[in-house]
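**Q** Encoded as structure tokens, here's the structure I'll be asking about.
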Amino acid sequence: QVQLVESGGGLVQAGGSLRLSCAASGSWNVMGWYRQAPGKQREFVAGIDSGISVDSTNYADSVKGRFAISRDNTKNTVYLQMNSLKPEDTAAYSCYAVTVNRVYWGQGTQVTVSS
């Protein structure tokens, strides 16, 4: 069992920044975020490996150069630094954790970028 507590969403103006946090209980292999905007399918945003067997990150093309995912192993927490936010980044962001058994999801947090 993995529990995920997600925070950091909010309302910002275009060009602003937000930092999402996802604190996990238990062990995981990969963590990251998906997002879903109204009228669109859920899309991958970013992911990061635990560093136990693989130590890498990956990003959707739409956020490369603007978003950065990182982890704090002592807190078992993953962060998503979002810079240069655009109105099209507006979505419900959901943290996920992948284990050998299943995928776990956080409660989600809303990010709204005003123009």
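The values are calculated or read from the model by the stated rules, or taken from the named source; none is laboratory data. Predicted, not measured: the structure shown is a model, and the values here were computed from it. When we count neighbours, we look across all protein chains shown, and the Cβ atoms used for this are built from the backbone with ideal geometry, even at glycine. With ligands, DNA and RNA removed, areas are computed over all heavy atoms of the protein, side chains included. Shrake-Rupley method; radii C 1.70, N 1.55, O 1.52, S 1.80 Å.
**Q** Which of the residues that make up the stretch 83-111 are touching a Pro at 6+ places or on another chain (Cβ under 9 Å) and of a type in the set (S, T, N, Q)?
**A** Residue satisfying the conditions is Thr90 alone.
**Q** Considering only residues of the stretch 25-72 that are of a type in the set (D, E, K, R), surrounded by fewer than 19 Cβ atoms within 10 Å (Cβ to Cβ) and closer than 23 Å to Val2 by Cβ, which is modelled with the lowest pLDDT?
**A** Among them, the one singled out is Asp55.
**Q** Say we look at the stretch 1-24 and pick out the residues that are among the polar types (S, T, N, Q) and surrounded by 14 or more Cβ atoms within 10 Å (Cβ to Cβ); which of these is nearest to the chain's Cα centre (by Cα)?
**A** Among those that are among the polar types (S, T, N, Q) and surrounded by 14 or more Cβ atoms within 10 Å (Cβ to Cβ), it is Ser21.
**Q** Continuing with this model, one more query. Mind telling me which of the residues Val30, Val12 ends up being among the aliphatic types (A, V, I, L, M) and within 22 Å of Thr112 (Cα to Cα)?
**A** On the way: Val30 fails: within 22 Å of Thr112 (Cα to Cα).
Selected residue: Val12, the only one of Val30, Val12 that is among the aliphatic types (A, V, I, L, M) and within 22 Å of Thr112 (Cα to Cα).
**Q** Look through the stretch 73-101, keep the residues that are under 21 Å from Gln41 (Cβ atoms) and of a type in the set (D, E, K, R), and return whichever of them is most open to solvent (accessible area, probe 1.4 Å).
**A** Glu88
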